[in-house]
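Note sheet for the following structure.
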Amino acid sequence: MTMFPKLCFFLMLLSPFWGGCRNTTDSTKLNVDHDIPPSEDFDAYYGFWGPNGDKIYFQHNEKLGTNPDPGRLDELWELDLKTGKRQMIHSGRILNASISQDGEWFVFHSFSDPEYLYKMRSNGTDLEKLTGPDSPNPDWKYTNVGRWSPDGKQILFTVAAGVPRGISLMDSSGSNAHIIIPYGVGARWFHGGKRIVYVNWDTTQPQGRRRQIYIANVDGSDPQKITDLPHSDYVGEPVSSPDGNKIVFDNVASNNNYELFIMNSDGTEIEQVTEGVGVAGRPQWSPNGKTILFSRFIPNVSRRLYLLDVQTKQVTPVFPAK
């Protein structure tokens, strides 16, 4: 892992005690997830939807026992929402995967230092390296969080360390890799595939509110800052709704934990929508825009997946307790 992800993870662990990073929203007046039905004791996190919304993919770690095998960490699993069947797709280590719109390919980055991008077919075959040694981009490293374009022809990703670094783009074959937004991070495709939403630093602002959410054209032109959050050091994971009207993101809230927020795509009407136990993050809109899948991490206790009903704000576990 690069220093940036390690730092973010460390700060996530510290977030309940990070007194200087507060959001002014009074969550006691909101319909948020104070009371959540219990989840099955099943380790699951970094979830994302299949293209049709009938499957959820996620990372899962089997118990390692007394002889840990790193190959059994961060496995890629699939949940069929119609049948309830879950099965392993690949034994890992796979991080921050994304599936193409046609359901044929995954892209993900490795658990290594530095990280490299890979792609493989959705049945776990035909593994191809996209960055690093023995790839089309042998000199590219610290590459992570790959995301397929809606038409499947390009992959959006981040170069998270080194110089130059920033939000980058390549063809699906791995060719034509180039940085489009220097120093930007956490990019996702915006509705329609012609723009992207991401996080960057506004250096004209004082410390504590420089990290904000932006939208730009897919070539990096016409960047527009859409938020002016007063406490934004740890804002991240902005994701556009399927219709492009809303954006969900995570940030430190008034409870000093990471929580989820929804706003209009122009940055107005920000609403906090979670406040349960632990740290909420990595939100993912369902293809129909009605539900948000997210991870909740309780340090040294559990990692679980939940579903947020966008209309009612009701939260339910992906794997309810039996």
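The values are calculated or read from the model by the stated rules, or taken from the named source; none is laboratory data. No experiment lies behind these values; they were computed from the predicted model shown. Counting neighbours? That spans all protein chains shown, and the Cβs are built from the backbone with ideal geometry, glycine included.
What the table below lists for this structure:
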read-out	value
Per-region count, the stretch 173-209, residues over 23 Å from ALA253 (Cα atoms), surrounded by 15 or more Cβ atoms within 10 Å (Cβ to Cβ) and among the basic types (Lys, Arg)	1
Unique match (being polar (S, T, N, Q) and under 23 Å from ASN245 (Cα atoms)) among ASN144, ASN123, ASN217	ASN217
Answer from PRO223, PRO138, PRO206 - the residue that is modelled with pLDDT of 95 or more and under 28 Å from TYR258 (Cβ atoms)	PRO223
Test: residue in the stretch 22-29 that is in a loop (DSSP other than H, G, I, E, B), surrounded by 13 or more Cβ atoms within 10 Å (Cβ to Cβ) and at pLDDT 95 or above	no
Residues of the stretch 77-102 that turn out to be in contact with a His (Cβ under 8 Å, 6 or more places away or on another chain), surrounded by fewer than 19 Cβ atoms within 10 Å (Cβ to Cβ) and within 26 Å of HIS191 (Cα to Cα), as a count	0
Any hit, the stretch 261-277, residues being under 17 Å from GLY186 (Cβ atoms), modelled with pLDDT under 95 and assigned to a strand (DSSP E or B)	no
Residue that is assigned to a loop (DSSP other than H, G, I, E, B) and surrounded by 22 or more Cβ atoms within 10 Å (Cβ to Cβ), where the choices are SER232, SER221, SER254	SER232
Residue under evaluation TRP105, criteria (1) buried (at least 21 other Cβ atoms within 10 Å of the Cβ); (2) touching an Asp or Glu at 6+ places or on another chain (Cβ under 9 Å); (3) within 20 Å of LEU79 (Cα to Cα), criterion not met	(1)
Residue list for the stretch 280-292, restricted to those being in a strand (DSSP E or B) and touching a Ser or Thr at 6+ places or on another chain (Cβ under 6 Å)	ALA280, GLY281, ARG282, TRP285
Count - residues of the stretch 54-74 that are surrounded by 14 or more Cβ atoms within 10 Å (Cβ to Cβ), farther than 22 Å from ALA321 by Cβ and either out of contact with any Leu (no Cβ under 7 Å at 6 or more places or on another chain) or at pLDDT below 80 (or both)	2
Residue in the stretch 176-184 that is assigned to a loop (DSSP other than H, G, I, E, B), within 18 Å of GLY146 (Cα to Cα) and not small (Gly, Ala, Ser) present	yes
Whichever residue in the stretch 73-130 is among the β-branched types (Val, Ile, Thr) and part of a strand (DSSP E or B) and, among such residues, is nearest to GLY174 (Cα to Cα)	VAL107
